[in-house]
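The values are calculated or read from the model by the stated rules, or taken from the named source; none is laboratory data. Please read all numbers here as calculations on a predicted model, not as lab measurements. Cβ atoms come from the backbone with ideal geometry, glycine included; neighbour counts cover every protein chain shown.
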Number of protein chains: 2
Amino acid sequence: MQSNRQKRTNDPEGMRRRVLDKAEESFQARGFHATSLGDVMAAAAVTGGALHHHFPTKKALALAVIEERVAEVVRRTWVEPLRSSASVRAGVRQVFATVADRLERQGFVRGCPLNNLAHELSLADSDFRVRLASIFKEWRSAIADKVRADQQAGGEAGTDPERFAASVVALYSGAMSMAKTAQDSSLLRLCAKELDESAGGVLN
Amino acid sequence: MQSNRQKRTNDPEGMRRRVLDKAEESFQARGFHATSLGDVMAAAAVTGGALHHHFPTKKALALAVIEERVAEVVRRTWVEPLRSSASVRAGVRQVFATVADRLERQGFVRGCPLNNLAHELSLADSDFRVRLASIFKEWRSAIADKVRADQQAGGEAGTDPERFAASVVALYSGAMSMAKTAQDSSLLRLCAKELDESAGGVLN
DNA sequence: TTATGAACAGGACAATCACCCTGTTTTGGA
DNA sequence: TCCAAAACAGGGTGATTGTCCTGTTCATAA
């Protein structure tokens, strides 16, 4: 303890980020209950004191992962791409394709981050459930808003925005669930194709 | 221990069934990792020795729940109703409606038994994953077979059986996932309606 | 410089967990 | 009737867990 006299550098944001990184990773790979704080401490190379300083309880850590990481993944994967797409249909198709490409490249399916935590934690704690539900809501709203924008531009006649949005989220969530269980990303492409052709025509 | 001298009645099947009942219930309500064997023992009113006699490990208990209970729920809810329905479309619509009715009557959403366990256990253990995947497969096959039967009868032209089956399972799984997180069964009805009207016509 | 609180270290703690072990009772066939 | 195996009882155990506690070090403002 006296030989390697390296000074300790206080880096609250960095340490918090490292903990969140490893917690998110382990929560997704092994689940919340199967992840011990010892696992997180070891992976992030932080002490118990530091972990407890930033996240008083395991629940607080999970809430931070949900609000700061899972929500961000949904925004980055769905909300933002949709905003800059030519149409809902095109945007949705593009997201499905992008995700399927990534899954094929990495060779395994870890599942949808939101659904993974939602299934394990929704019934366990109301605080978890409410926050997870609001992320689902934000996801659906992004799609529904895009439908309405298309309708303002003269397209998507006869499409119910909320119903379409819920169905897209459901289809994606379920397809990813199956892909995870079967470890087969082709199920995602299969469902994407169904969405395309059920449009009833040659929409962009 | 001497006053109430009631004889012990050996009832292996009954005891095994009671354990399975409570294990299934708790696995669904709280999850596998959040359920302790002590919980199951207390709920089923069995001793540690008895539990360990029928299920050597917690994993063995979970495998039994998956194969004897979860698989049965899928068969009872989906496979059998589909077999006796007039058409795929009618059968699928009927299942969605039946489940939604039940959810509204009971007032809360516990989620799809298969998806609940699949999300928590698929990545944890390959034995779990393979068996859960085969239940998904059986589910999809029941739908695809019914599509092919309809096609033999002259209907469902242009419908890809496997693709349609995967999409129905995905839509249902995802809708149930959202309904569970939001504790709102109307999302199930919303997605069911989308499935109806995307059929493109007035099919039976 | 100094002082105050945040940032971090590291061990202790009680509770819980899955599993195992030994012993007893019941069952069914020889 | 007898006996071997199945069925069950119930306590024990080592390992793990989340949390807490007491110190020590760093950063920042006065």
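Among the residues of the stretch A:22-43, those identified as assigned to a helix (DSSP H, G or I) and within 14 Å of another protein chain (Cβ to nearest Cβ) are A:GLU25, A:SER26, A:PHE27, A:GLN28, A:ALA29, A:ARG30, A:ASP39. Scanning the stretch A:160-181 for residues that are surrounded by fewer than 21 Cβ atoms within 10 Å (Cβ to Cβ) and either among the small types (Gly, Ala, Ser) or over 21 Å from B:TYR172 (Cβ atoms) (or both) yields one hit, A:PRO161. Can you work out which of the residues in the stretch B:30-61 that are within 13 Å of DNA strand D (Cβ to nearest atom) and in contact (Cβ under 8 Å) with a residue 40 or more places away in the chain is nearest to B:LYS180 (Cα to Cα)? Residue satisfying both the conditions and the ranking: B:HIS33. Looking at the structure I just gave you, is A:MET1 of a type in the set (A, V, I, L, M), modelled with pLDDT under 95 and within 16 Å of DNA strand C (Cβ to nearest atom)? It is true that A:MET1 is of a type in the set (A, V, I, L, M), modelled with pLDDT under 95 and within 16 Å of DNA strand C (Cβ to nearest atom).
For A:LYS7, are the conditions met, namely being within 8 Å of DNA strand D (Cβ to nearest atom), within 14 Å of another protein chain (Cβ to nearest Cβ) and either over 30 Å from A:THR181 (Cα atoms) or surrounded by 14 or more Cβ atoms within 10 Å (Cβ to Cβ) (or both)? Considered against the rule, which asks whether it is within 8 Å of DNA strand D (Cβ to nearest atom), within 14 Å of another protein chain (Cβ to nearest Cβ) and either over 30 Å from A:THR181 (Cα atoms) or surrounded by 14 or more Cβ atoms within 10 Å (Cβ to Cβ) (or both), A:LYS7 comes out as no. Checking each residue in the stretch B:56-69 for being within 8 Å of DNA strand C (Cβ to nearest atom) and either of a type in the set (Lys, Arg) or over 20 Å from the mean Cα position of the chain (by Cα) (or both) picks out B:PRO56, B:THR57, B:LYS58, B:LYS59.
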